[in-house]
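All remarks here apply to the structure that follows.
The values are calculated or read from the model by the stated rules, or taken from the named source; none is laboratory data. Quick caveat: nothing in here was measured; it's all calculated off a predicted structure. All Cβ positions, even for glycine, are placed from backbone atoms using ideal geometry, and neighbour counts span all protein chains on display.
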Amino acid sequence: MIFSPGGVRQTLFATIALLSGMASAGSAPVEPVVVSARPITEFHIGRADKQFGPLEFVGGLEMTSPSRDFGALSAFRFLKAGSDFIGVADTGYWFFGTVARDADRRPVGIENFRMQQMVDQSGQPIDEKWEVDAEGLAIKDGIATVGFERNHRVAQFRIDPDDMKAPFRQLDFLVPARELRQNRGFETVTHANANGQHQGGLVVVSEKSLDKSGNMYAAIIEGPHKGVFTVKRNGDFDITDGAFLPDGDLLLLERSFTMAGGLKMRLRRIHGESVEKGAVADGPVLLEADMGYQIDNMEGLDIWTRDDGALMVSLISDDNHSILQRNLYLEFILHQD
């Protein structure tokens, strides 16, 4: 049997994880973090518009904290729809918290926020960023699946907000490791629809690891139709997160930064039938926004259903621990045709 270097590395890590199990000599402390949140009532700065194509702006938050660890929020998912959440920061931290709401269901604050540094198999905090550059996150049945850049891997953890341990498993991400760019790996990690063609299997999409045609590498890494596919790259946008919609389409969050055009974000709806082994997946743009809107370095996305049945899209930004950037939370209703 012929192994690629990436495959050997994945197998080695998986073997170590299985041999080590979940036993640890210690753990990183859980740090309560005070988060102040300023409500955002206008998405288009200076205008009262609420409707942006099929997306209706509900509200948002600009989040700040005196904690030096707060920030670099790369991905999140709701554990309880629109309320309790889990996330990963690309500095190697887990974070948990709750979105507080007013009587009209609009976000007004962040409560019970806490962070914990990621740990190795002995339970010791990992300080080397290249080892814990966490970018993508999916959750299902008490398991968090995380995509890491630099040291490219997709690892699984048992969710325990009081004490996150080391991963118990590493998954084969199918894309040849040599094709993954150092800082352009798997920013999207998401479960397909349980009743769809991929039966809830994990799908990963790279930020900007391109094939010879200039399209982004991606893969279905679980389920009956496993295999590598690509996502068409439209313009100068890179992919930063994604999640499947109830109808089986894949909603992708994309970001662009150029000296000429500045910072932009985009939401693109990928046709579900094009998420298939060997295919080039593509679909229409639903929303594009520049710095005339309340955006920043938008990196995280989740889709959930509100208690009144509304289909919701939530976004977060990564401030890179820069005084020039912001940590934002934005929320939209996605109206279906």
Legend entry - Out of L252, L171, L245, sole residue that is crowded, with 16+ Cβ neighbours inside 10 Å, under 26 Å from Q121 (Cα atoms) and modelled with pLDDT of 95 or more: L171
Legend entry - Residue list for segment 78-108, filter: part of a strand (DSSP E or B) and either hydroxyl-bearing (S, T, Y) or within 21 Å of L311 (Cα to Cα) (or both): F78, D84, F85, I86, G87, Y93, T98, V99, A100, R101, P107, V108
Inset, instruction - Pick out the one residue from L12, L79, L19 that is closer than 23 Å to L137 by Cα, of a type outside the set (D, E, K, R), surrounded by fewer than 17 Cβ atoms within 10 Å (Cβ to Cβ) and at pLDDT below 95. - result: L12
Legend entry - Scope segment 168-180; condition assigned to a loop (DSSP other than H, G, I, E, B) and over 18 Å from the mean Cα position of the chain (by Cα); matching residues: F168, D172, L174, V175, P176
Inset, instruction - Looking at (1) outside any strand (DSSP E or B); (2) farther than 22 Å from D172 by Cα; (3) in contact (Cβ under 8 Å) with a residue 60 or more places away in the chain, find the lone condition where H198 falls short. - result: (2)
Inset, instruction - Select from segment 181-195 the residues that are in contact with a strand residue (DSSP E or B) (Cβ under 8 Å, 6 or more places away or on another chain) and either free of Cβ contacts under 8 Å to residues at least 24 places away in the same chain or not in a strand (DSSP E or B) (or both) and list them in ascending order. - result: R181, Q182, N183, R184, G185, A192, N193
Legend entry - Flag for E135 being surrounded by 21 or more Cβ atoms within 10 Å (Cβ to Cβ), assigned to a strand (DSSP E or B) and among the charged types (D, E, K, R): yes
